[in-house]
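Have a look at the structure below, then the notes.
The values are calculated or read from the model by the stated rules, or taken from the named source; none is laboratory data. Just so you know, these numbers come straight off a predicted model, no measurement behind them. Ideal geometry is used to build each Cβ from the backbone, glycine not excepted, and the neighbour counts take in all protein chains shown.
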Amino acid sequence: MSVGTPGRTPVLDRPQALRRARLLNRVTIGWNVVEALVALAAGVAAGSLGLVAFGLDSCVEVSGALVLAWRLAREERTGCTQPDDRRATRALAVCFFALAGWVSVNAVLDLLHGHQPGVSAVGIVVTTLSLLTMPALARAKRRLAPVLGSRAQEREASQTRLCAILSAVVLGGLVLNAALGWWWADPVAALVVAALAAVEGTRSWRAESLADTCCA
């Protein structure tokens, strides 16, 4: 085991980092499956595109976590991970682009048609919980990326960070609609979700692999 500087957090060696990455990956999948089901059900019930977009982003997060789980499992079996890491990163990008396209079209249609969503107390609760928990999870994941030499790990951590940002955006739209009757805040929040997803997809697609410490 690698030893850190006294007074600082011990430095993890690669096997330890791999085990921790897989644990965080399982937490991400479990949390986001529940989050997606609750957000999608609440969004459909209230007619809230912002909340539906948030639920779909949770589905993307689950997809990304499953892709990363595959990449980590491949490392345990084969050791060298550069080709797998690049394929995993590109797969995450495709998930983001799909989310951005679908949400953009529907948000514009809602604005043009003046669709007014209902108030969703459940949506406010689930986005608040996500806003409180996702930043810490994202930081824990990102710290493991340099040890693993994995751009896929880094981009999946970015997915989790994006989830926290989207939580704040969608929560704002839900609260404005509930408190002030600003119906347009919901599709605008959805457009912000789409824009951020498109940016994250572009970054993931263009990302170069980190120096792979198990192959270098």
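Data overview
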item: Set Leu66, Leu137: member being surrounded by fewer than 18 Cβ atoms within 10 Å (Cβ to Cβ) and over 17 Å from Leu171 (Cβ atoms); result: Leu66
item: Hits in segment 91-127 (condition: hydroxyl-bearing (Ser, Thr, Tyr) and assigned to a helix (DSSP H, G or I)); result: Ser104, Thr127
item: Members of segment 52-73 that are of a type in the set (A, V, I, L, M) and at pLDDT 90 or above; result: Val52
item: Selection count where residues are surrounded by fewer than 19 Cβ atoms within 10 Å (Cβ to Cβ) and part of a helix (DSSP H, G or I), scope segment 39-58; result: 4
item: Filter result (at pLDDT below 90 and in contact with a Gly (Cβ under 6 Å, 6 or more places away or on another chain)) within segment 1-46; result: Pro10, Val11
item: Lone qualifier among Ala138, Ala98 - being touching a Cys at 6+ places or on another chain (Cβ under 9 Å), of a type in the set (Gly, Ala, Ser) and within 24 Å of Leu191 (Cβ to Cβ); result: Ala138
item: Test: Gly118 is of a type outside the set (Ser, Thr, Tyr) and crowded, with 17+ Cβ neighbours inside 10 Å; result: no
item: Test: residue in segment 140-161 that is touching a residue at least 40 places away in the same chain (Cβ under 8 Å), assigned to a helix (DSSP H, G or I), over 30 Å from Arg74 (Cα atoms) and of a type in the set (A, V, I, L, M); result: no
item: Check on Ala145, surrounded by fewer than 21 Cβ atoms within 10 Å (Cβ to Cβ), closer than 19 Å to Thr89 by Cα and in contact with a Phe, Trp or Tyr (Cβ under 9 Å, 6 or more places away or on another chain); result: no
